[in-house]
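Undergrad: I have a structure here, written as C-alpha coordinates, and I will follow up with some questions on it.
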Amino acid sequence: MSSSSETPPNVVSPTPSVLPVKAIPGSYGLPIIGPFLDRLNYFWFQGLDTFFRKRVEKYKSTVFRTNIPPTFPFFTRVNPHVIAVLDCKSFSYLFDLDVVEKKNILIGDYMPSLSFTGNIRVSIYLDPSEPQHSQVKNFTLDILKRSSSVWIPEFISNVDVMWTTVEKDLSKNKSSSLHVPLQRCIFRFFTKILAGADTENSSEIADKGFGYMNAWIAIQIIPTQKVGILQPFEEIFLHSCAYPSILVSPGYKKLYNFLKKEGREVIQRGETDFGLTEEETIHNLLFIIGVNAFAGFSAFLPELITRLGSTDETGLQNKLRKEVREKIGSTQQLSFESVREMELVHSFVYETLRYGPPVQCQYARARKDFLLTSYDASYEIKKGELLCGYQVLAMRDPKVFDDPESFKADRFTGEKGRELLKYLYWSNGPQTGSTSASNKQCAGKDVVVPTACLFVADLLMRYDSFRCSSSLNIIAVEKAK
Ligand code: HEM
(Lines give C-alpha, C1' and ligand atoms only; values in the text may rest on other atoms or scores of the structure.)
Protein backbone atom coordinates (compact mmCIF):
# COMPACT_ATOMS: atom_id res chain seq x y z
CA MET A 1 0.00 0.00 0.00
CA SER A 2 1.48 3.29 -0.95
CA SER A 3 -0.57 5.90 0.83
CA SER A 4 -1.51 5.54 4.45
CA SER A 5 -5.08 6.67 3.96
CA GLU A 6 -5.84 4.29 1.06
CA THR A 7 -8.00 1.25 1.54
CA PRO A 8 -5.75 -1.78 2.09
CA PRO A 9 -5.98 -4.37 -0.68
CA ASN A 10 -7.92 -7.52 0.23
CA VAL A 11 -10.56 -5.76 2.25
CA VAL A 12 -14.15 -4.84 1.65
CA SER A 13 -14.49 -1.34 0.17
CA PRO A 14 -15.92 1.16 2.58
CA THR A 15 -19.36 2.68 2.00
CA PRO A 16 -19.69 5.60 1.72
CA SER A 17 -16.29 6.31 0.18
CA VAL A 18 -15.50 9.28 2.43
CA LEU A 19 -15.79 8.26 6.04
CA PRO A 20 -15.83 10.51 9.09
CA VAL A 21 -12.68 10.61 11.20
CA LYS A 22 -13.72 9.61 14.73
CA ALA A 23 -11.92 9.46 18.05
CA ILE A 24 -11.06 5.86 18.92
CA PRO A 25 -13.57 4.72 21.56
CA GLY A 26 -12.48 3.12 24.83
CA SER A 27 -9.95 4.13 27.44
CA TYR A 28 -7.00 2.72 29.35
CA GLY A 29 -8.44 3.70 32.74
CA LEU A 30 -6.44 4.87 35.72
CA PRO A 31 -2.73 3.98 35.81
CA ILE A 32 -2.08 0.53 37.36
CA ILE A 33 -5.78 0.02 38.26
CA GLY A 34 -7.09 0.14 34.66
CA PRO A 35 -4.57 -2.36 33.29
CA PHE A 36 -4.93 -4.59 36.37
CA LEU A 37 -8.74 -4.75 36.10
CA ASP A 38 -8.48 -5.45 32.38
CA ARG A 39 -6.00 -8.23 33.13
CA LEU A 40 -8.42 -9.85 35.60
CA ASN A 41 -11.22 -9.65 33.05
CA TYR A 42 -9.03 -10.98 30.25
CA PHE A 43 -7.83 -14.04 32.15
CA TRP A 44 -10.40 -14.63 34.86
CA PHE A 45 -13.83 -12.96 34.95
CA GLN A 46 -14.47 -12.85 31.21
CA GLY A 47 -11.83 -14.78 29.30
CA LEU A 48 -10.32 -13.69 26.02
CA ASP A 49 -13.35 -14.11 23.79
CA THR A 50 -15.89 -12.42 26.06
CA PHE A 51 -13.33 -9.72 26.88
CA PHE A 52 -13.22 -8.56 23.25
CA ARG A 53 -16.89 -9.23 22.44
CA LYS A 54 -18.16 -7.24 25.45
CA ARG A 55 -16.09 -4.23 24.43
CA VAL A 56 -17.32 -4.42 20.83
CA GLU A 57 -20.86 -4.27 22.25
CA LYS A 58 -20.05 -1.52 24.73
CA TYR A 59 -18.32 0.79 22.26
CA LYS A 60 -20.44 -0.29 19.27
CA SER A 61 -17.18 -0.47 17.39
CA THR A 62 -14.70 -3.11 16.25
CA VAL A 63 -11.86 -0.61 16.78
CA PHE A 64 -11.27 0.54 20.36
CA ARG A 65 -8.65 1.21 23.02
CA THR A 66 -8.04 -1.32 25.78
CA ASN A 67 -5.31 -2.82 27.95
CA ILE A 68 -4.04 -6.33 27.54
CA PRO A 69 -1.85 -8.37 29.91
CA PRO A 70 0.79 -8.80 31.16
CA THR A 71 0.62 -5.93 33.64
CA PHE A 72 1.10 -5.06 37.28
CA PRO A 73 2.97 -5.89 39.51
CA PHE A 74 6.17 -7.20 37.89
CA PHE A 75 5.76 -6.15 34.28
CA THR A 76 6.49 -2.50 34.89
CA ARG A 77 8.34 -2.06 31.61
CA VAL A 78 5.53 -3.54 29.52
CA ASN A 79 3.05 -1.07 28.06
CA PRO A 80 -0.41 -2.73 28.17
CA HIS A 81 -2.11 -0.08 25.97
CA VAL A 82 -3.35 -1.37 22.61
CA ILE A 83 -5.84 -0.44 19.91
CA ALA A 84 -7.93 -3.52 19.18
CA VAL A 85 -8.78 -4.15 15.49
CA LEU A 86 -11.50 -6.77 15.24
CA ASP A 87 -13.02 -6.71 11.77
CA CYS A 88 -11.50 -7.90 8.47
CA LYS A 89 -10.93 -4.38 7.23
CA SER A 90 -9.15 -2.89 10.23
CA PHE A 91 -7.30 -6.18 10.91
CA SER A 92 -5.67 -6.07 7.48
CA TYR A 93 -3.62 -3.00 8.51
CA LEU A 94 -1.51 -5.45 10.52
CA PHE A 95 -0.07 -6.64 7.20
CA ASP A 96 0.62 -3.20 5.75
CA LEU A 97 4.32 -2.72 6.36
CA ASP A 98 4.22 0.81 4.92
CA VAL A 99 2.41 1.93 8.05
CA VAL A 100 3.25 -0.68 10.68
CA GLU A 101 6.38 -2.47 11.89
CA LYS A 102 6.76 -5.90 13.45
CA LYS A 103 9.82 -5.43 15.66
CA ASN A 104 9.72 -7.43 18.94
CA ILE A 105 5.92 -7.65 19.10
CA LEU A 106 5.09 -11.30 18.41
CA ILE A 107 2.97 -11.56 21.58
CA GLY A 108 2.40 -7.87 22.23
CA ASP A 109 4.63 -5.31 23.93
CA TYR A 110 5.89 -8.07 26.23
CA MET A 111 8.87 -9.90 24.77
CA PRO A 112 10.40 -12.94 26.47
CA SER A 113 14.05 -12.58 27.51
CA LEU A 114 16.62 -13.15 24.78
CA SER A 115 18.29 -15.66 27.08
CA PHE A 116 15.70 -18.18 25.84
CA THR A 117 17.35 -18.06 22.41
CA GLY A 118 21.05 -17.72 23.26
CA ASN A 119 20.80 -13.90 23.39
CA ILE A 120 19.86 -13.86 19.72
CA ARG A 121 16.80 -12.04 18.37
CA VAL A 122 15.32 -14.77 16.21
CA SER A 123 13.62 -13.83 12.98
CA ILE A 124 10.03 -13.82 14.24
CA TYR A 125 10.95 -10.70 16.27
CA LEU A 126 12.60 -8.95 13.32
CA ASP A 127 10.97 -6.39 11.06
CA PRO A 128 11.58 -6.85 7.32
CA SER A 129 13.48 -3.53 7.39
CA GLU A 130 16.21 -5.37 9.36
CA PRO A 131 18.59 -7.17 6.96
CA GLN A 132 18.79 -10.25 9.20
CA HIS A 133 15.07 -10.86 8.60
CA SER A 134 15.55 -11.63 4.90
CA GLN A 135 18.59 -13.80 5.62
CA VAL A 136 16.60 -16.08 7.93
CA LYS A 137 13.34 -15.94 5.98
CA ASN A 138 15.08 -16.85 2.71
CA PHE A 139 16.88 -19.65 4.53
CA THR A 140 13.51 -20.97 5.81
CA LEU A 141 11.89 -20.75 2.38
CA ASP A 142 14.90 -22.55 0.89
CA ILE A 143 14.60 -25.40 3.42
CA LEU A 144 10.92 -25.77 2.63
CA LYS A 145 11.59 -25.83 -1.12
CA ARG A 146 14.31 -28.46 -0.81
CA SER A 147 12.21 -30.71 1.40
CA SER A 148 9.25 -30.80 -0.98
CA SER A 149 10.26 -34.14 -2.57
CA VAL A 150 10.38 -35.98 0.77
CA TRP A 151 7.54 -34.09 2.46
CA ILE A 152 4.78 -36.62 1.72
CA PRO A 153 6.68 -39.88 2.46
CA GLU A 154 8.10 -38.43 5.68
CA PHE A 155 4.71 -37.14 6.78
CA ILE A 156 2.83 -40.34 5.99
CA SER A 157 5.42 -42.55 7.69
CA ASN A 158 5.18 -40.50 10.90
CA VAL A 159 1.39 -40.46 10.77
CA ASP A 160 1.49 -44.21 10.24
CA VAL A 161 3.46 -44.71 13.45
CA MET A 162 0.95 -42.52 15.28
CA TRP A 163 -2.15 -44.42 14.11
CA THR A 164 -0.49 -47.80 14.74
CA THR A 165 0.16 -46.75 18.35
CA VAL A 166 -3.47 -45.67 18.74
CA GLU A 167 -4.84 -48.86 17.18
CA LYS A 168 -2.73 -51.02 19.51
CA ASP A 169 -3.97 -49.03 22.47
CA LEU A 170 -7.58 -49.30 21.30
CA SER A 171 -7.30 -53.08 21.00
CA LYS A 172 -6.66 -53.17 24.76
CA ASN A 173 -8.65 -50.18 26.04
CA LYS A 174 -12.02 -48.54 25.37
CA SER A 175 -10.41 -45.32 24.22
CA SER A 176 -6.97 -44.02 23.38
CA SER A 177 -5.54 -40.57 23.95
CA LEU A 178 -4.04 -39.15 20.78
CA HIS A 179 -2.27 -36.31 22.54
CA VAL A 180 1.22 -37.79 23.05
CA PRO A 181 1.40 -39.84 19.81
CA LEU A 182 0.32 -36.73 17.85
CA GLN A 183 2.89 -34.47 19.50
CA ARG A 184 5.62 -37.06 18.95
CA CYS A 185 4.59 -37.38 15.31
CA ILE A 186 4.59 -33.63 14.63
CA PHE A 187 7.87 -33.06 16.45
CA ARG A 188 9.72 -35.88 14.69
CA PHE A 189 8.34 -34.84 11.30
CA PHE A 190 9.33 -31.18 11.53
CA THR A 191 12.73 -31.85 13.08
CA LYS A 192 13.51 -34.17 10.17
CA ILE A 193 11.98 -32.09 7.41
CA LEU A 194 13.34 -28.70 8.53
CA ALA A 195 16.70 -29.62 10.05
CA GLY A 196 17.37 -33.03 8.47
CA ALA A 197 17.75 -34.44 12.00
CA ASP A 198 16.05 -37.72 12.91
CA THR A 199 14.96 -37.73 16.56
CA GLU A 200 15.27 -41.54 16.55
CA ASN A 201 19.06 -41.10 16.48
CA SER A 202 18.92 -40.07 20.13
CA SER A 203 16.78 -42.10 22.50
CA GLU A 204 16.49 -39.13 24.87
CA ILE A 205 15.31 -36.71 22.17
CA ALA A 206 12.97 -39.33 20.68
CA ASP A 207 11.45 -39.83 24.11
CA LYS A 208 11.54 -36.39 25.69
CA GLY A 209 12.37 -33.93 22.88
CA PHE A 210 8.81 -32.73 22.35
CA GLY A 211 8.42 -32.32 26.14
CA TYR A 212 11.54 -30.13 26.32
CA MET A 213 10.13 -28.10 23.45
CA ASN A 214 6.71 -27.72 25.08
CA ALA A 215 8.27 -26.52 28.33
CA TRP A 216 10.57 -24.05 26.54
CA ILE A 217 7.65 -22.56 24.59
CA ALA A 218 5.21 -22.50 27.52
CA ILE A 219 7.48 -20.65 29.90
CA GLN A 220 8.11 -17.89 27.35
CA ILE A 221 4.48 -17.17 26.56
CA ILE A 222 2.77 -17.99 29.85
CA PRO A 223 2.35 -14.35 31.04
CA THR A 224 0.10 -13.77 28.01
CA GLN A 225 -1.86 -17.02 28.00
CA LYS A 226 -5.00 -18.18 29.81
CA VAL A 227 -4.29 -21.69 31.07
CA GLY A 228 -7.52 -22.49 32.87
CA ILE A 229 -6.26 -23.62 36.28
CA LEU A 230 -8.06 -22.63 39.47
CA GLN A 231 -8.16 -18.88 40.12
CA PRO A 232 -6.67 -16.90 41.82
CA PHE A 233 -3.74 -19.34 41.60
CA GLU A 234 -3.35 -18.79 37.87
CA GLU A 235 -3.11 -15.02 38.38
CA ILE A 236 -0.74 -15.29 41.30
CA PHE A 237 1.59 -17.96 39.98
CA LEU A 238 1.41 -17.75 36.19
CA HIS A 239 0.56 -14.17 35.26
CA SER A 240 2.36 -12.03 37.82
CA CYS A 241 5.99 -12.38 36.74
CA ALA A 242 8.15 -13.74 33.96
CA TYR A 243 9.97 -16.99 34.74
CA PRO A 244 13.68 -17.20 33.95
CA SER A 245 15.02 -19.28 31.06
CA ILE A 246 17.25 -21.22 33.45
CA LEU A 247 14.23 -23.36 34.37
CA VAL A 248 14.13 -24.82 30.87
CA SER A 249 17.69 -24.33 29.70
CA PRO A 250 18.89 -27.92 30.39
CA GLY A 251 16.24 -29.31 27.98
CA TYR A 252 16.83 -26.55 25.43
CA LYS A 253 20.57 -27.20 25.54
CA LYS A 254 19.93 -30.86 24.74
CA LEU A 255 17.80 -29.89 21.75
CA TYR A 256 20.51 -27.43 20.66
CA ASN A 257 23.28 -30.04 20.86
CA PHE A 258 21.12 -32.61 19.12
CA LEU A 259 20.48 -30.25 16.21
CA LYS A 260 24.12 -29.20 16.06
CA LYS A 261 25.13 -32.85 15.61
CA GLU A 262 22.30 -34.26 13.53
CA GLY A 263 21.39 -31.21 11.45
CA ARG A 264 24.93 -30.53 10.21
CA GLU A 265 24.07 -30.22 6.51
CA VAL A 266 21.20 -27.75 6.96
CA ILE A 267 23.21 -25.69 9.46
CA GLN A 268 26.14 -25.47 7.06
CA ARG A 269 23.80 -24.18 4.34
CA GLY A 270 22.59 -21.51 6.73
CA GLU A 271 26.19 -20.44 7.21
CA THR A 272 27.52 -20.67 3.67
CA ASP A 273 24.47 -19.74 1.56
CA PHE A 274 22.71 -17.29 3.88
CA GLY A 275 25.54 -15.70 5.84
CA LEU A 276 24.30 -16.77 9.29
CA THR A 277 26.58 -17.87 12.11
CA GLU A 278 26.25 -21.40 13.44
CA GLU A 279 24.59 -20.11 16.61
CA GLU A 280 22.13 -17.91 14.72
CA THR A 281 21.22 -20.81 12.46
CA ILE A 282 20.58 -23.26 15.29
CA HIS A 283 18.60 -20.88 17.51
CA ASN A 284 16.47 -19.79 14.55
CA LEU A 285 15.94 -23.39 13.46
CA LEU A 286 14.86 -24.39 16.96
CA PHE A 287 12.42 -21.50 17.09
CA ILE A 288 10.96 -22.30 13.67
CA ILE A 289 10.69 -26.03 14.40
CA GLY A 290 9.28 -25.41 17.88
CA VAL A 291 7.19 -22.27 17.98
CA ASN A 292 6.17 -21.95 14.34
CA ALA A 293 5.80 -25.50 13.07
CA PHE A 294 5.39 -27.76 16.12
CA ALA A 295 3.24 -25.40 18.20
CA GLY A 296 1.24 -24.29 15.13
CA PHE A 297 0.36 -27.85 14.15
CA SER A 298 -0.13 -28.91 17.77
CA ALA A 299 -2.88 -26.30 17.97
CA PHE A 300 -4.34 -26.86 14.52
CA LEU A 301 -4.45 -30.65 13.99
CA PRO A 302 -6.45 -31.35 17.18
CA GLU A 303 -9.09 -28.88 15.93
CA LEU A 304 -9.32 -30.75 12.62
CA ILE A 305 -9.36 -34.19 14.25
CA THR A 306 -12.01 -33.42 16.87
CA ARG A 307 -14.25 -31.71 14.34
CA LEU A 308 -13.94 -34.67 12.02
CA GLY A 309 -14.50 -37.24 14.74
CA SER A 310 -17.34 -35.56 16.61
CA THR A 311 -20.91 -36.68 16.20
CA ASP A 312 -22.30 -34.58 13.43
CA GLU A 313 -25.75 -34.59 11.92
CA THR A 314 -24.71 -33.30 8.52
CA GLY A 315 -22.82 -36.48 7.61
CA LEU A 316 -19.66 -34.41 7.10
CA GLN A 317 -17.23 -37.26 7.69
CA ASN A 318 -18.91 -39.42 5.05
CA LYS A 319 -19.07 -36.59 2.53
CA LEU A 320 -15.36 -35.90 2.98
CA ARG A 321 -14.53 -39.61 2.80
CA LYS A 322 -16.50 -39.95 -0.44
CA GLU A 323 -14.57 -37.09 -2.02
CA VAL A 324 -11.19 -38.40 -0.85
CA ARG A 325 -11.79 -41.92 -2.12
CA GLU A 326 -13.17 -40.72 -5.45
CA LYS A 327 -10.21 -38.45 -6.10
CA ILE A 328 -7.63 -41.02 -5.07
CA GLY A 329 -9.28 -43.61 -7.29
CA SER A 330 -7.63 -46.95 -7.87
CA THR A 331 -4.07 -45.63 -7.35
CA GLN A 332 -4.59 -45.54 -3.57
CA GLN A 333 -1.67 -43.08 -3.53
CA LEU A 334 -1.84 -39.74 -1.84
CA SER A 335 -0.02 -36.93 -3.57
CA PHE A 336 -0.25 -33.15 -3.42
CA GLU A 337 -1.81 -33.34 -6.91
CA SER A 338 -4.58 -35.72 -5.86
CA VAL A 339 -5.21 -33.73 -2.69
CA ARG A 340 -5.36 -30.47 -4.67
CA GLU A 341 -8.50 -31.76 -6.42
CA MET A 342 -10.34 -32.29 -3.12
CA GLU A 343 -12.45 -29.15 -2.95
CA LEU A 344 -14.52 -30.06 0.09
CA VAL A 345 -11.47 -31.24 2.05
CA HIS A 346 -9.78 -27.90 1.31
CA SER A 347 -12.86 -25.96 2.29
CA PHE A 348 -13.13 -27.95 5.53
CA VAL A 349 -9.49 -27.13 6.34
CA TYR A 350 -9.98 -23.43 5.51
CA GLU A 351 -13.16 -23.27 7.58
CA THR A 352 -11.34 -24.84 10.53
CA LEU A 353 -8.66 -22.15 10.21
CA ARG A 354 -11.33 -19.44 10.02
CA TYR A 355 -13.46 -20.73 12.87
CA GLY A 356 -10.61 -21.45 15.29
CA PRO A 357 -7.44 -19.68 14.11
CA PRO A 358 -4.48 -21.50 15.75
CA VAL A 359 -2.71 -18.18 16.49
CA GLN A 360 -5.41 -16.01 18.01
CA CYS A 361 -3.71 -12.62 18.38
CA GLN A 362 -1.44 -10.66 16.10
CA TYR A 363 0.25 -7.33 16.75
CA ALA A 364 1.85 -4.49 14.81
CA ARG A 365 3.22 -1.10 15.85
CA ALA A 366 2.46 2.11 13.93
CA ARG A 367 5.61 3.06 12.00
CA LYS A 368 4.20 6.57 11.56
CA ASP A 369 0.98 8.51 12.08
CA PHE A 370 -1.69 7.16 9.74
CA LEU A 371 -5.42 6.93 9.18
CA LEU A 372 -6.93 3.50 9.82
CA THR A 373 -10.21 2.96 8.02
CA SER A 374 -12.84 0.52 9.22
CA TYR A 375 -16.35 0.19 7.74
CA ASP A 376 -18.05 3.21 9.27
CA ALA A 377 -15.23 5.51 10.26
CA SER A 378 -11.55 6.32 10.05
CA TYR A 379 -9.30 6.62 13.10
CA GLU A 380 -6.07 8.51 13.66
CA ILE A 381 -3.29 6.18 14.77
CA LYS A 382 -0.18 7.78 16.23
CA LYS A 383 3.36 6.56 15.58
CA GLY A 384 4.37 3.98 18.21
CA GLU A 385 0.82 2.85 19.10
CA LEU A 386 0.31 -0.90 19.20
CA LEU A 387 -2.48 -2.55 17.17
CA CYS A 388 -3.84 -5.81 18.54
CA GLY A 389 -5.84 -8.07 16.22
CA TYR A 390 -7.90 -10.78 17.88
CA GLN A 391 -8.26 -12.97 14.87
CA VAL A 392 -11.14 -15.07 16.17
CA LEU A 393 -13.47 -12.05 15.91
CA ALA A 394 -12.03 -10.71 12.66
CA MET A 395 -12.72 -14.12 11.12
CA ARG A 396 -16.35 -13.81 12.20
CA ASP A 397 -16.86 -10.47 10.53
CA PRO A 398 -20.52 -10.52 9.42
CA LYS A 399 -19.76 -8.04 6.64
CA VAL A 400 -17.57 -10.69 5.00
CA PHE A 401 -18.77 -14.11 6.16
CA ASP A 402 -22.44 -15.18 6.02
CA ASP A 403 -23.69 -16.69 9.25
CA PRO A 404 -20.19 -16.20 10.70
CA GLU A 405 -20.80 -17.95 14.03
CA SER A 406 -21.62 -21.25 12.31
CA PHE A 407 -19.07 -23.78 11.15
CA LYS A 408 -19.85 -24.46 7.49
CA ALA A 409 -17.52 -27.05 6.02
CA ASP A 410 -18.38 -26.08 2.42
CA ARG A 411 -18.08 -22.31 2.96
CA PHE A 412 -14.97 -22.02 0.76
CA THR A 413 -16.25 -24.10 -2.18
CA GLY A 414 -17.24 -22.72 -5.59
CA GLU A 415 -16.37 -19.32 -6.98
CA LYS A 416 -17.95 -17.42 -4.11
CA GLY A 417 -16.03 -19.56 -1.63
CA ARG A 418 -12.71 -18.98 -3.40
CA GLU A 419 -13.36 -15.20 -3.28
CA LEU A 420 -13.52 -15.46 0.50
CA LEU A 421 -9.92 -16.67 0.67
CA LYS A 422 -8.89 -13.00 0.45
CA TYR A 423 -10.23 -12.63 3.97
CA LEU A 424 -8.75 -15.75 5.52
CA TYR A 425 -5.92 -14.43 7.71
CA TRP A 426 -4.57 -17.38 9.75
CA SER A 427 -1.06 -16.88 8.29
CA ASN A 428 -0.72 -13.19 9.17
CA GLY A 429 -1.80 -12.24 5.69
CA PRO A 430 -4.55 -13.17 3.26
CA GLN A 431 -4.69 -16.76 1.99
CA THR A 432 -4.37 -15.31 -1.53
CA GLY A 433 -1.16 -13.45 -0.60
CA SER A 434 2.41 -14.64 -1.04
CA THR A 435 4.95 -15.01 1.71
CA SER A 436 8.33 -13.40 1.03
CA ALA A 437 11.40 -11.94 2.69
CA SER A 438 9.83 -8.49 2.42
CA ASN A 439 6.72 -9.33 4.46
CA LYS A 440 5.82 -11.07 7.72
CA GLN A 441 3.44 -13.65 6.35
CA CYS A 442 3.97 -17.18 7.69
CA ALA A 443 6.89 -18.85 5.88
CA GLY A 444 5.00 -22.14 6.04
CA LYS A 445 1.82 -20.69 4.52
CA ASP A 446 1.98 -22.77 1.34
CA VAL A 447 2.63 -26.07 3.12
CA VAL A 448 0.24 -25.81 6.06
CA VAL A 449 -3.03 -26.20 4.14
CA PRO A 450 -1.82 -29.01 1.79
CA THR A 451 -0.33 -30.88 4.77
CA ALA A 452 -3.55 -30.55 6.75
CA CYS A 453 -5.52 -31.79 3.70
CA LEU A 454 -3.10 -34.69 3.41
CA PHE A 455 -3.65 -35.53 7.07
CA VAL A 456 -7.45 -35.52 6.61
CA ALA A 457 -7.30 -37.52 3.38
CA ASP A 458 -4.96 -40.11 4.90
CA LEU A 459 -7.23 -40.52 7.91
CA LEU A 460 -10.31 -40.99 5.75
CA MET A 461 -8.54 -43.48 3.51
CA ARG A 462 -7.41 -45.41 6.57
CA TYR A 463 -10.74 -45.67 8.39
CA ASP A 464 -14.32 -46.40 7.30
CA SER A 465 -15.44 -44.64 10.44
CA PHE A 466 -13.70 -42.61 13.10
CA ARG A 467 -14.87 -41.13 16.39
CA CYS A 468 -13.07 -38.90 18.80
CA SER A 469 -13.99 -36.81 21.85
CA SER A 470 -13.26 -33.12 22.26
CA SER A 471 -10.31 -33.96 24.52
CA LEU A 472 -8.60 -35.85 21.70
CA ASN A 473 -9.61 -39.27 22.98
CA ILE A 474 -10.11 -41.68 20.12
CA ILE A 475 -13.24 -43.64 20.95
CA ALA A 476 -13.64 -45.89 17.93
CA VAL A 477 -12.10 -46.57 14.55
CA GLU A 478 -13.19 -49.00 11.88
CA LYS A 479 -10.39 -49.82 9.49
CA ALA A 480 -11.01 -49.47 5.76
CA LYS A 481 -12.07 -52.76 4.18
C1 HEM B 1 -0.85 -24.47 11.56
C2 HEM B 1 0.38 -24.09 11.45
C3 HEM B 1 0.86 -22.68 11.44
C4 HEM B 1 0.23 -21.53 11.81
C5 HEM B 1 -1.18 -21.36 12.33
C6 HEM B 1 1.15 -20.44 11.59
C7 HEM B 1 0.86 -19.10 11.82
C8 HEM B 1 1.79 -18.08 11.70
C9 HEM B 1 1.53 -16.71 12.03
C10 HEM B 1 0.21 -16.16 12.53
C11 HEM B 1 2.67 -16.02 11.84
C12 HEM B 1 2.89 -14.52 12.05
C13 HEM B 1 3.22 -14.18 13.48
C14 HEM B 1 3.36 -12.68 13.61
O15 HEM B 1 4.38 -12.15 13.15
O16 HEM B 1 2.47 -12.04 14.15
C17 HEM B 1 3.65 -16.95 11.36
C18 HEM B 1 4.94 -16.61 11.06
C19 HEM B 1 5.89 -17.52 10.68
N20 HEM B 1 5.69 -18.87 10.44
FE21 HEM B 1 3.97 -19.89 10.61
N22 HEM B 1 2.32 -20.95 11.11
C23 HEM B 1 2.18 -22.31 10.99
C24 HEM B 1 3.12 -23.21 10.54
C25 HEM B 1 4.38 -22.88 10.13
C26 HEM B 1 5.33 -23.82 9.62
C27 HEM B 1 5.10 -25.31 9.34
C28 HEM B 1 6.47 -23.13 9.40
C29 HEM B 1 7.72 -23.75 8.87
C30 HEM B 1 8.66 -23.20 8.24
C31 HEM B 1 6.24 -21.74 9.78
C32 HEM B 1 7.15 -20.72 9.75
C33 HEM B 1 6.90 -19.41 10.08
C34 HEM B 1 7.92 -18.38 10.10
C35 HEM B 1 9.40 -18.56 9.81
C36 HEM B 1 7.27 -17.19 10.46
C37 HEM B 1 7.92 -15.80 10.60
C38 HEM B 1 7.81 -15.08 9.28
C39 HEM B 1 8.61 -13.82 9.22
O40 HEM B 1 9.38 -13.53 10.16
O41 HEM B 1 8.52 -13.12 8.22
N42 HEM B 1 4.94 -21.64 10.21
N43 HEM B 1 3.09 -18.20 11.29
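The values are calculated or read from the model by the stated rules, or taken from the named source; none is laboratory data. A quick note: this is a predicted structure, and the numbers were derived from the prediction, not measured. No Cβ is skipped: glycine too gets one built from the backbone with ideal geometry, and neighbour counts run over all protein chains shown.
Undergrad: Going residue by residue through the range 403-411, is there one that turns out to be among the aromatic types (F, W, Y), under 21 Å from R55 (Cα atoms) and assigned to a loop (DSSP other than H, G, I, E, B)?
TA: Checked the range 403-411: no residue is among the aromatic types (F, W, Y), under 21 Å from R55 (Cα atoms) and assigned to a loop (DSSP other than H, G, I, E, B).
Undergrad: Do we find a residue being farther than 28 Å from Q132 by Cα and at pLDDT 95 or above anywhere in the range 263-270?
TA: no
Undergrad: Also, quick follow-up: Can you tell me which of (1) buried (at least 20 other Cβ atoms within 10 Å of the Cβ); (2) assigned to a helix (DSSP H, G or I) is the one G108 doesn't meet?
TA: (2)
Undergrad: Within the range 155-164, restricting attention to residues that are free of Cβ contacts under 8 Å to residues at least 40 places away in the same chain and surrounded by fewer than 17 Cβ atoms within 10 Å (Cβ to Cβ), which residue is nearest to F274 (Cα to Cα)?
TA: Looking at residues that are free of Cβ contacts under 8 Å to residues at least 40 places away in the same chain and surrounded by fewer than 17 Cβ atoms within 10 Å (Cβ to Cβ), I get S157.
Undergrad: Across the range 136-161, which residue is nearest to the chain's Cα centre (by Cα) among those that are of a type in the set (S, T, Y) and under 25 Å from V122 (Cβ atoms)?
TA: Filtering first and then ranking leaves T140.
Undergrad: Still on this model: Pull out all pairs, ordered by first then second residue, where Cβ-Cβ is under 9 Å, the residues are six or more apart or on different chains, the first lies in the range 352-373 and is in contact (Cβ under 8 Å) with a residue 60 or more places away in the chain and at negative phi, and the second is assigned to a strand (DSSP E or B) and within 10 Å of the ligand (Cβ to nearest atom).
TA: Close Cβ pairs satisfying both conditions: C361/G389; Q362/G389; Y363/G389; A364/G389.
Undergrad: Here's a follow-up. For the range 241-268, how many residues meet the condition of being over 24 Å from the mean Cα position of the chain (by Cα) and surrounded by fewer than 18 Cβ atoms within 10 Å (Cβ to Cβ)?
TA: Looking only at that region, the number is 14.
Undergrad: Suppose we keep only residues that are in contact with a helix residue (DSSP H, G or I) (Cβ under 6 Å, 6 or more places away or on another chain) and of a type outside the set (K, R) within the range 321-333. Which one would you say is farthest from H346 (Cα to Cα)?
TA: Top of the filtered list is I328.
Undergrad: Now, a different point. From F43, F51, F72, F64, which residue is free of Cβ contacts under 8 Å to residues at least 40 places away in the same chain, farther than 22 Å from Y125 by Cβ and among the hydrophobic types (A, V, I, L, M, F, W, C)?
TA: Testing whether each residue is free of Cβ contacts under 8 Å to residues at least 40 places away in the same chain, farther than 22 Å from Y125 by Cβ and among the hydrophobic types (A, V, I, L, M, F, W, C) leaves just F51.
Undergrad: For residues in the range 387-431 being within 16 Å of the ligand (Cβ to nearest atom) and surrounded by fewer than 20 Cβ atoms within 10 Å (Cβ to Cβ), which is nearest to the chain's Cα centre (by Cα)?
TA: V392
Undergrad: Condition (residue is under 27 Å from E313 (Cβ atoms) and among the aromatic types (F, W, Y)) applied to the range 377-397: is it met by at least one residue?
TA: no
Undergrad: Next question, about the same structure. From the residues in the range 444-470 that are over 19 Å from E343 (Cβ atoms), in contact (Cβ under 8 Å) with a residue 40 or more places away in the chain and among the hydroxyl-bearing types (S, T, Y), which one is farthest from the ligand (Cβ to nearest atom)?
TA: Applying the filter and picking the extreme gives S465.
Undergrad: Could you count how many residues in the range 63-79 are part of a loop (DSSP other than H, G, I, E, B), touching an Asp or Glu at 6+ places or on another chain (Cβ under 7 Å) and not aliphatic (A, V, I, L, M)?
TA: Adding up the residues that qualify gives 1.
Undergrad: Sticking with this structure for a sec: Can you find, within the range 123-140, the residue that is nearest to I105 (Cα to Cα) among those that are more than 9 Å from the ligand (Cβ to nearest atom) and surrounded by 20 or more Cβ atoms within 10 Å (Cβ to Cβ)?
TA: Looking at residues that are more than 9 Å from the ligand (Cβ to nearest atom) and surrounded by 20 or more Cβ atoms within 10 Å (Cβ to Cβ), I get Q135.
Undergrad: When only residues in the range 170-205 that are without any contact (Cβ under 8 Å) to a residue 24 or more places away in the chain and surrounded by fewer than 16 Cβ atoms within 10 Å (Cβ to Cβ) count, which is nearest to G251 (Cα to Cα)?
TA: Step by step, filter the range 170-205, then rank; the result is S203.
Undergrad: List the residue pairs whose Cβ atoms are under 8 Å apart, where the first residue sits in the range 319-339 and is touching a residue at least 24 places away in the same chain (Cβ under 8 Å), the second is assigned to a helix (DSSP H, G or I) and of a type in the set (D, E), and the two are 6 or more positions apart or on different chains.
TA: L334/D458
Undergrad: What is the one condition in (1) in contact (Cβ under 8 Å) with a residue 60 or more places away in the chain; (2) within 12 Å of the ligand (Cβ to nearest atom) that S147 does not satisfy?
TA: The single condition S147 does not satisfy is (1).
Undergrad: Are any residues in the range 415-435 of a type in the set (G, A, S) and in contact (Cβ under 8 Å) with a residue 40 or more places away in the chain, and if so, which ones?
TA: G417, G429, G433
Undergrad: Then there's this: What number of residues within the range 99-122 satisfy the criterion of being in contact (Cβ under 8 Å) with a residue 40 or more places away in the chain and away from the ligand (no atom under 16 Å from the Cβ)?
TA: Residues that pass the stated criteria total 4.
Undergrad: Also, I was wondering about something else. Inside the range 288-353, counting only helices (runs of 4 or more DSSP H) that do not spill past its ends, which hold 3 or more residues that are within 16 Å of the ligand (Cβ to nearest atom)?
TA: 295-309
Undergrad: Looking only at residues in the range 356-386 that are of a type in the set (S, T, Y) and part of a loop (DSSP other than H, G, I, E, B), which one is farthest from the ligand (Cβ to nearest atom)?
TA: Ranking the candidates gives Y375 first.
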